[in-house]
Amino acid sequence: MANSRSDKASPADGSEDMLSAVAPRPRTALPNVATTVTTVAALYFGREVFLPIAIALLLTFALAPLVSALKKVGIPRIAAVIASVLGAFAALGLFSFIVATQVSELAQNIPVYQTNILTKIRSLKETGVGGGIIARLSQVVERVGQEIDRQDASLPAATPEKPPREPVPVEIVSRERPLEVLQNIVGPLLSPLGSAGLIIVVVIFMLLEREDLRDRFIRLVGYGDLHRTTEALQDAAKRVGRYLLMQLVVNIVYAIPISIGLWILGIPNALLWGLLALALRFVPYIGPIIGMLLPLFLALAVAPGWSLVLWTAALFVVMELITGNVIEPWLYGSRTGLSPLAIIVAAIFWTWLWGPLGLILSTPLTVCLVVLGRHVPQFEFLDVLFGNEPVLEPHARLYQRLLAGDPEEATDHAEEMLEEKYLVEFYDKVAIPALLLGERDRVRGVMGDLQRRHVAASVLTLVANLDDSAQEEASEEEEEPHVVAEAGVDGDVSGEDETELPDGTGMSVLCAGGRGELDDATAAMLAQVLEVQGATVSKAGFADMEPANIRHLELETVDTVVVGFLNRDSVKHARFLVRRLKRAKAALRVGIVFWSETAAEDKETAAKLAQDMNADFVAHGMVDAVVGALSNEPPVALKLIAKRRMRRQRAAPKKVAAAAAS
């Protein structure tokens, strides 16, 4: 069976020690407004400096595996770095040259497509009853113009004046020198060429001095947490480098069928659209849409009919479905660690900050920020905002849904977990800790009686919704007994022991709540697990455990009674219930469960507590409760309290004397 990790929320009880043990995780510190504004302003106004450095850093991550591979072959480090960088930029230059050539050819053929575009516009105008939408809009505009002309005609005529003299056209002919013409041509290219050269130099030096830069970064962070710093650097390099490489592979696999398909359909410049599709898929979400709209517009202009447009759209839709649902999950899945909403927000932010290049770099840059937040506590808010990991632990999320009165969504989460875990594990590691949070809120006074009853009702609804899963497990239990893993005393699952749950066929168990509605909810969970093990189970509420009501319980056919408490300060009350139940039926086994998140507590302590309470067993988790409830050990005899023992000792001599006198 799959193991669930030890949750970090803690049981709620009334003692100060327990409350300190179950203190919630500290709230994530958010940066103040001044820090945020200063950082964003520095990135915006310093984009001329930061943008080339960001591109160089990402290219370093992408080319580092290639350099390492060349070094393993035996190529010297300097040669491997220069070959990798020049090869990468040569590929980018060839890509740009092909795109520019294809665009120039397309611009020359645009007048040829004008006739087909006008034909389709006329067909759109002629569609519809009584004229199309375009015709109706034209009529509205024409009527508005006629009304304005009428108002102008009704105004009084102005006094005649001499007609103004027409201006004499003047043409200025400038004679530029050859150097000026060359300057006008080369000037706009200097800035991008300079940035490209700077990026090449920075990438080369970053690859050559990669280990030295790593050591300097570690020295800045400090030696105090060398393990975390090293892990963060490795995680960032692995995530970003793998993302860029796999995304390039995915885009190439996507662009080749697109180019071939467009060529077969007869779309002009099919190679151009394939290359643009390759580049635009680096832009999240909107990139593939833009790459599809341009060929669709050209298909609209090439053919007089509509079939070519439909075939082109079908080609892009099919390729996008195959790429998104088959190729991407197969190659790298969701290894970026970003949530879908974070990708969209990051694209908007980086586009506003750095323009189109920021849009292309948005995903890898945000991945770096998430890795930083995952390993550096000061930046944890970045992982919370943009990461794809659940920010609430399973038991906390379940408790939040129960507080909101939404057992249906809680059931959905439970069924997802039950695909990998057994029901006993889900209750032990998630549901019981969730109710311990509720008991803690009750002790602190933040949960009223009405809200407590609503939470308990939601839990009972959840348990009822999981009946189908319980029946499936019961049928599986007949074929193979459940084996569950228990964590060690310290709550670490690394030292766990496997426990086989016993068969409960032929045994009758009564599950009862100890002191409140939340205890009744835990009793319902335990009852369902015992039913899975084949036992005959009945349930009783905490009200049925009152002194006046215990005598009315039907205990004739019951072998064991298990009473559960979420509040660990209920030892005296539990001792009282044990005595009452054993007086009601001497041959009855009575077990007490003090629910705890760290269920595998000291066995000797539990045994001493059971002996002190005169109970047959004391458990702290679901597994121990099931094992104790389905045990075949004989019941523990009820001990006499000290006062009655003294009375019997005093009465014994009197009875002996009376018998002798008679």
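No value in this document is a laboratory result; all are computed from the given coordinates. Note that the structure is predicted; figures quoted are calculated from it, not measured. No Cβ is skipped: glycine too gets one built from the backbone with ideal geometry, and neighbour counts run over all protein chains shown.
If R0 is 25 Å, what FRET efficiency do you get for residue 209 and residue 256 from their C-beta distance, rounded to 0.05? Efficiency, rounded to the nearest 0.05: 0.10. When only the Cβ of Lys, Arg, Asp and Glu is charged (+1, +1, -1, -1), the dipole of the range 397-629 relative to its Cα centre reaches about 2080 debye.
Cross-link pairs exceeding 21 Å between alpha carbons, from the set 238/421; 421/539; 582/608; 429/572: 238/421; 421/539; 429/572. Length gained on full extension, residue 400 to residue 45: 123.5 nm, using 0.36 nm per residue less the C-alpha separation. Between 622, 561, 414, the Cα set farthest toward the positive side of the dipole of the range 397-629 (charges on each charged residue's Cβ, about the Cα centre) is that of 561. Taking amide H as placed 1.01 Å from N in the peptide plane, the amide H of residue 561 sits under 5 Å from that of 510, 589, 590, 591, each at least 5 places away or on another chain. Residue exposure proxy: 244, 341, ordered by other Cβ atoms within 10 angstrom of their Cβ from fewest to most, comes out as 341, 244. Among the DSSP beta bridges whose two residues both lie in the range 397-629, what percent are antiparallel, rounded to the nearest 5? DSSP beta bridges in the range 397-629 are roughly 15 percent antiparallel.
Extension gain, residue 321-residue 307: 0.36 nm per intervening residue step, less the Cα-Cα distance, totals 2.9 nm. How high is the FRET efficiency from residue 34 to residue 573, r the C-beta distance, R0 41 Å, rounded to 0.05? Efficiency for this residue pair is about 0.15. At an R0 of 41 angstrom, the distance between the Cβ atoms of residue 583 and residue 503 translates into a FRET efficiency of 0.85.
Only Cα pairs under 8 Å and 6+ residues apart enter the sum, and on that basis the relative contact order of the range 397-629 stands at 19 percent.
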